[in-house]
1. Tell me the residue from Cys443, Cys477 that is open to solvent by less than 70 Å² (accessible area, probe 1.4 Å) and in contact with a Pro (Cβ under 9 Å, 6 or more places away or on another chain), please.
2. For region 458-466, check the following and say yes or no: at least one residue is of a type in the set (D, E, K, R) and either within 15 Å of ligand 1 (Cβ to nearest atom) or within 28 Å of the chain's Cα centre (by Cα) (or both).
3. For region 1-38, how many residues meet the condition of being of a type in the set (D, E, K, R) and open to solvent by less than 10 Å² (accessible area, probe 1.4 Å)?
4. Among the residues of region 146-162 satisfying the criterion of being over 20 Å from Gly386 (Cα atoms) and of a type in the set (A, V, I, L, M, F, W, C), which is farthest from ligand 2 (Cβ to nearest atom)?
5. Take the residues in region 147-203 that are under 19 Å from Ala487 (Cα atoms) and among the aliphatic types (A, V, I, L, M), then tell me which one is most open to solvent (accessible area, probe 1.4 Å).
6. Filter region 65-84 down to the residues that are closer than 20 Å to Met1 by Cα and in contact with a helix residue (DSSP H, G or I) (Cβ under 6 Å, 6 or more places away or on another chain) and list them by number.
7. Name the residues in region 371-383 that are over 12 Å from Val422 (Cα atoms), touching a Lys or Arg at 6+ places or on another chain (Cβ under 9 Å) and crowded, with 16+ Cβ neighbours inside 10 Å, would you?
8. If you scan region 419-440, which residues turn out to be near ligand 2 (Cβ under 9 Å from one of its atoms) and open to solvent by less than 20 Å² (accessible area, probe 1.4 Å)?
Amino acid sequence: MSLRLFIPSDSGALAVGAEQVAAAFVAAGNKRNLALEIVRTGSRGLYWLEPMVEVATPQGRVAYGPVEPGDVDGLLDAMTQQAPHRLALGPTEDIPWLKRQTRLTFARCGVTDPMSLDDYRAHGGLKGLARAASLGGKASIEEILQSGLRGRGGAGFPTGIKWRTVAEAPGAQKYIVCNADEGDSGTFADRMIMEGDPYLLIEGMAIAALAVGASKGFIYIRSEYPHAIATMERAIVAARAGGLLGKAIGGSQQSFDLEVRAGAGSYVCGEETSLLESLEGKRGVVRAKPPLPAHQGLFGKPTVVNNVLSFAAVPFVLAEGAKAYADFGMGRSRGTMPIQLAGNVRHGGLFEIAFGLTLGEIVDDIGGGTLTGRPVRAVQVGGPLGAYFPRALFDTPFDYEAFAARDGLVGHGGVVVFDDTVDMLKQARFAFEFCSIESCGKCTPCRIGSTRGVETIDLIRTTDDRASRIALIKDLCNTMKFGSLCALGGFVPYPVMSALNHFPEDFDVPQRQAAE
Ligand SMILES: Cc1cc2nc3c(=O)[nH]c(=O)nc-3n(C[C@H](O)[C@H](O)[C@H](O)COP(=O)(O)O)c2cc1C
Ligand code: SF4
């Protein structure tokens with residue numbers, strides 16, 4: 001008898017013991033003389049069930065989780081005898097949390113062996129690149145434009161327009177840069193792609209290279225992602241050997257090669273111009289725009305800078321056609337969004353679905369409320385510069401414009417949940433403090449204003465003259481919003497003002513202390 005098992009080697013699963021579980025299966029298999037084939041995959045993104053182990057059966061894969069090494073013997077009994085087990089989750093594809101998703105970008109994540117180019121090809125990989133090569137640059141860019149794809153890094157800028165600008169910019173040398181700095185709190189989708197489906201990112205970047213005529217690309221990965229860095233480096237070597245990178249990519253006339261560069265722990269290096277400075281070996285300071293990176297980017301050359309998820313959406317668009325992607329979504333938010341649920345939430349993980357679900361559905365139905373079981377009080381969407389939403393705004397659909405209309409942002413799709421013990425005054429202070437630590441220092445509203453913000457919030461706690469302090473915070477937010485050079489200083493008002501507007505009781509310190 002033999003068994004084929006699938007065990008994630010994604011760093012989220014490794015953090016909760018996937019390596020020990022895999023080792024326990026190997027040891028138990030040897031003891032029983034049972035032939036085990038263990039495929040190490042990415043994660044399916046159901047992190048509360050990790051390490052989630054799947055076994056191949058004639059009816060498809062069946063899942064178990066969360067598995068500990070001590071469960072392995074009992075699990076092998078259940079798997080070999082097809083008997084019930086307390087950790088059994090049933091056929092993986094039927095798990096309601098997975099079944100409800102529309103996985104266009106994450107279709108292979110957790111399914112295939114991330115290092116196998118054959119597996120990638122067998123599951124639909126490289127079709128997009130082949131079509132891009134046959135269409136040519138102009139028509140490929142038109143597909144991206146028609147798909148409605150907008151940048152998933154945060155700003156939501158139309159990807160096709162950016163590519164067209166680079167394609168039309170004069171110059172023989174152009175670059176493709178992938179922003180894998182993923183610094184937003186509660187986000188991990190970029191990491192999951194890089195660790196779970198790295199050829200998808202390489203294919204997306206290769207399509208971009210064909211489209212704009214670039215021969216060289218860089219993937220800038222945050223240093224906190226050592227597994228992603230190692231996986232991408234191995235995948236690039238294999239992609240070169242397999243003809244996905246190198247000369248005549250996808251059967252075209254274009255050559256394209258990639259290199260990984262690691263960041264050094266700076267949030268602002270996720271901002272595209274300071275990322276380019278950092279890539280050039282300089283201090284990560286934001287550049288004034290214009291010139292846009294599309295005109296003068298890396299080493300002054302026309303450069304496409306896109307987020308991992310933007311590139312990762314591209315192969316589907318080219319393989320299946322713009323309409324297949326644009327058919328999903330609402331308004332000007334087309335396609336799907338990999339929503340990342342984190343913080344105090346029962347079902348934390350990655351949920352890819354068409355734009356349009358309400359925040360309440362995301363937090364209550366999909367997230368299952370808080371892990372502590374206490375009422376949800378606030379949800380921060382879009383990273384540390386995103387607004388805090390109270391329950392009263394849970395009818396907001398997940399859509400760039402709907403969030404903007406309520407002074408919020410979708411950002412990179414991070415949703416961080418807080419229960420009723422959260423202190424929103426502290427959260428507002430944290431926003432200023434974060435900005436003061438991460439500021440590149442180039443402009444005054446951000447460099448000085450963030451520190452003044454921390455001090456003023458502290459005065460709200462300790463002095464009686466709260467009304468004038470709050471007026472000062474509002475004034476400061478206004479200055480930062482309109483006077484900052486980039487969105488680090490410019491967006492800090494979102495978390496601060498949403499905390500103040502939606503949770504004013506937390507800023508009324510004596511009343512709160514009396515209530516406690
Ligand atoms: C302070 C700051 C941090 C940012 N961090 C990231 C990041 O970690 N990853 C990312 O893709 N974009 C980040 N961005 C947005 C980038 O500047 C840029 O808009 C993005 O890389 C463009 O790619 P896209 O169009 O595919 O989203 C950040 C922006 C700011 C202002
Ligand atoms: S807003 Fe802050 S991070 Fe952005 S350029 Fe100004 S000082 Fe630098």
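1. Cys477
2. no
3. Total satisfying the criteria: 1.
4. Leu149
5. If we take residues in region 147-203 being under 19 Å from Ala487 (Cα atoms) and among the aliphatic types (A, V, I, L, M), then Ala155 is most open to solvent (accessible area, probe 1.4 Å).
6. Val72, Asp73, Leu76 - these are the residues of region 65-84 that are closer than 20 Å to Met1 by Cα and in contact with a helix residue (DSSP H, G or I) (Cβ under 6 Å, 6 or more places away or on another chain).
7. Result: Leu371, single match.
8. Result: Cys435, single match.
The values are calculated or read from the model by the stated rules, or taken from the named source; none is laboratory data. Keep in mind that this is a model prediction, so the values were computed, not measured. Neighbour counts are summed over all protein chains in view; Cβ atoms, including those assigned to glycine, are modelled from backbone coordinates with ideal geometry. Note: areas computed on protein heavy atoms with side chains; ligands, DNA, RNA excluded. Shrake-Rupley method; radii C 1.70, N 1.55, O 1.52, S 1.80 Å.
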